[in-house]
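The block underneath contains the structure these notes are about, expressed in structure tokens.
The values are calculated or read from the model by the stated rules, or taken from the named source; none is laboratory data. Here the structure is a predicted model, which is why all the values come from computation and not from measurement. Cβ placement follows ideal geometry from the backbone for every residue including glycine, while neighbour counts extend to all protein chains displayed. Areas reflect the complete protein model, heavy atoms only, side chains present, ligands, DNA and RNA absent. Shrake-Rupley method; radii C 1.70, N 1.55, O 1.52, S 1.80 Å.
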Amino acid sequence: MSREVILEADNLVKYYPIRAGVLRRTIGQVKALDGVSFKLYKGETLGIVGESGCGKSTLGRMLMRLEEPTAGTLTFDGVDVYTQKGAAMRRLRRDIQIVFQDPYTSLNPRKTVGDIVGEPFEIHRDVVPKGGRRRRVQELLDLVGLNPEHINRYPHQFSGGQRQRIGIARGLALNPKVIICDEPVSALDVSVQAQVVNLLEKLQSEFGLAYVFIAHDLSVVRHISDRVGVMYLGTMVELGDEEQIYSRPTHPYTQALLSAVPVPDPTLRGRREQIVLAGDVPSPANPPSGCRFHTRCWKAQQKCVTDVPLLINRPDGRGAHDSACHFAEARVVV
Ligand code: SF4
């Protein structure tokens with residue numbers, strides 16, 4: 001894995017206005033993303049985990065520039081993404097592609113697989129000459145393990161796993177450098193999930209792709225990720241190598257999430273001390289002061305109510321990695 005940065009988010013913020021009344025006056029803001037920063041290195045997989053509503057899907061859309069930020073910057077290969085316009089932005093869109101969560105709804109049922117996978121060539125006409133597009137689509141189908149002769153079939157004629165392969169083939173069509181995988185396997189059966197994850201890994205080593213892999217399933221993220229970021233209520237609370245996050249988490253929220261992951265080994269299961277979080281995730285329209293996790297954290301103290309903990313390098317027992325907790329301390333979760 002290279003240490004060359006391909007994508008960098010710096011203090012990304014996304015607020016949605018809450019409007020009410022006849023005049024639709026803004027009465028508040030939903031703070032979906034509130035100052036998220038990270039680097040994505042060439043050829044690596046950065047996993048992003050967190051409960052639903054933590055802002056990870058908003059982050060995915062922001063990385064694709066499907067939404068404009070309230071504040072913050074995004075840099076791709078040294079280019080400021082949010083200031084690009086017209087042809088320059090179209091050129092950038094080739095390099096960052098997305099694979100969506102639900103293969104059942106993300107493919108147009110009235111279009112053939114050939115049309116779906118070849119759709120990007122209609123927008124980016126110079127990538128493949130018109131006469132060569134069918135051939136290229138068949139190559140892409142072959143690449144993702146589908147029969148190239150099924151190019152004229154419709155999405156309903158494929159299984160869930162095969163449909164996700166169609167989505168991946170479409171994502172690969174423009175030879176991107178980064179793919180945002182937004183919960184790409186969560187709608188699939190467990191046995192099929194492994195096949196799709198293995199395919200993503202194979203394509204990564206073949207083409208040197210970098211992935212941002214967004215998911216709520218910590219086991220899947222562990223399997224595929226080189227580094228992992230944990231999100232809570234619109235902020236990144238812990239960020240480190242896969243081994244650091246899973247073996248020596250220092251943030252109480254990460255520790256609680258990991259303690260809830262099912263353990264297949266019955267002897268280890270008996271030793272597992274599950275951390276049960278009190279209450280629900282607070283509303284992003286009115287996040288708690290200080291550390292946003294303090295209303296549910298069993299380690300919370302007065303400082304946590306008033307002071308925002310920064311995401312900085314903190315000792316983890318064997319080294320250090322980024323954690324946003326005043327009282328960060330490594331805890332081995334069996
Ligand atoms: Fe818990 Fe305080 Fe750490 Fe936040 S800063 S995670 S409330 S101990």
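Looking at (1) closer than 24 Å to Val237 by Cα; (2) open to solvent by less than 40 Å² (accessible area, probe 1.4 Å); (3) modelled with pLDDT of 95 or more, which is the one condition that is false for Val81?
(1)
List every residue pair whose Cβ atoms lie under 6 Å apart, where the two residues are 6 or more positions apart in sequence or sit on different chains, the first residue falls within region 218-247 and is surrounded by fewer than 19 Cβ atoms within 10 Å (Cβ to Cβ), and the second residue, located anywhere, is assigned to a strand (DSSP E or B) and of a type in the set (D, E, K, R).
Pairs found: Asp241/Arg227.
Yes or no: Gln255 within 16 Å of the ligand (Cβ to nearest atom), part of a helix (DSSP H, G or I) and either farther than 30 Å from Ala20 by Cβ or open to solvent by 30 Å² or more (accessible area, probe 1.4 Å) (or both)?
When the stated conditions are applied, Gln255 passes them.
Residue check, Ser323 against (1) out of contact with any Leu (no Cβ under 9 Å at 6 or more places or on another chain); (2) more than 8 Å from the ligand (Cβ to nearest atom); (3) closer than 15 Å to Glu238 by Cα, all met but one. Which one?
Evaluating Ser323 over (1) out of contact with any Leu (no Cβ under 9 Å at 6 or more places or on another chain); (2) more than 8 Å from the ligand (Cβ to nearest atom); (3) closer than 15 Å to Glu238 by Cα leaves (1) as the failure.
With respect to Asp316, determine if the residue is charged (D, E, K, R) and more than 11 Å from the ligand (Cβ to nearest atom).
yes
Can you tell me which residues in region 287-306 are more than 10 Å from the ligand (Cβ to nearest atom), over 24 Å from the mean Cα position of the chain (by Cα) and in a loop (DSSP other than H, G, I, E, B)?
Across region 287-306, the qualifying residue is only Ser289.
Identify, by number, the condition in (1) touching a residue at least 24 places away in the same chain (Cβ under 8 Å); (2) near the ligand (Cβ under 8 Å from one of its atoms) that Pro309 doesn't meet.
Result: Pro309 passes all but (1).
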